[in-house]
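Below: one structure, written as structure tokens.
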Amino acid sequence: SRSVRNDVFTRDEKIHKREAWAILLDASRSIKTSAPEVKKVAVCLAEVAKDLIPAHNLWGMFAFNKSFIVLKDFNEHYSFETKARIGGLSQSDATFLPDAMLVCSRALGLLPVEPKILMIVSDGYPVGYRNIEKELVRKVYKIAKSGILMFGIGIKNPLIREYFTANCVLLEPYEMMKF
């Protein structure tokens, strides 16, 4: 063709774009007062992921405190059982954010697509062992160096901005529509 149009190729690229998401939710004692907001943000992100990423095995949702909790594994469909796990999430114990991020990034790193995005929903207070703040900074640097993109969502607390370059702070879940 002698046409200078290239929009056909652009459309095709958008249709075939694939990415992987890991959504990591804070389920620690420090965020207990914001638990309803965390659940609402989780449901919102899960519904967006379900619609935006048609392949069920390219997104997962996890939670953390002193344990790592699987809400939706990469290998399962988003189902009523998954929704029940999100609804039944309770907050307790310490905030082992750096450790949870590392586990999540390793699972995300095994997926054969680019880009890989790790979304962290937290109040930004890592607690659990000595020098955990420094460990969080090291893990953020290590994960970013591996090529995984990170986005911090602060629940009612701007402290998340200290750790994640790409971030937003939500006072209520409805503010997500702005971003």
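One residue alone among GLY147, GLY128 is over 22 Å from VAL43 (Cα atoms) and touching a residue at least 60 places away in the same chain (Cβ under 8 Å), and that residue is GLY128.
Restricting VAL103, VAL121 to residues that are among the β-branched types (Val, Ile, Thr), in a strand (DSSP E or B) and under 21 Å from LEU45 (Cα atoms) narrows the list to VAL121.
Of the residues in region 154-170, at least one is in contact with a Ser or Thr (Cβ under 6 Å, 6 or more places away or on another chain) and not hydroxyl-bearing (Ser, Thr, Tyr). Scanning region 156-171 for residues that are open to solvent by less than 80 Å² (accessible area, probe 1.4 Å), closer than 27 Å to GLU114 by Cβ and either in a helix (DSSP H, G or I) or among the hydrophobic types (A, V, I, L, M, F, W, C) (or both) yields ILE160, PHE164, ALA166, CYS168.
Take the conditions (1) open to solvent by 40 Å² or more (accessible area, probe 1.4 Å); (2) assigned to a loop (DSSP other than H, G, I, E, B); (3) out of contact with any His (no Cβ under 8 Å at 6 or more places or on another chain); LEU111 misses just one of them, which is (1). Screening region 21-40 for residues that are β-branched (Val, Ile, Thr) and surrounded by 18 or more Cβ atoms within 10 Å (Cβ to Cβ) and picking the one that is nearest to LEU111 (Cα to Cα) gives ILE23.
Taking region 144-155, which residues are under 17 Å from the mean Cα position of the chain (by Cα) and open to solvent by 90 Å² or more (accessible area, probe 1.4 Å)?
Across region 144-155, the qualifying residue is only LEU149.
Taking the numbered list (1) closer than 21 Å to ILE31 by Cβ; (2) of a type outside the set (Lys, Arg); (3) touching a Pro at 6+ places or on another chain (Cβ under 8 Å) in turn, SER122 passes all entries but (3).
The values are calculated or read from the model by the stated rules, or taken from the named source; none is laboratory data. On a predicted model such as this, the values are computed, not experimentally measured, just so you know. Neighbour counts run over all protein chains shown; Cβ positions are idealised from the backbone, glycine included. Each accessible area value is taken on the protein alone, full model and side chains, heavy atoms only, with ligands, DNA and RNA left out. Shrake-Rupley method; radii C 1.70, N 1.55, O 1.52, S 1.80 Å.
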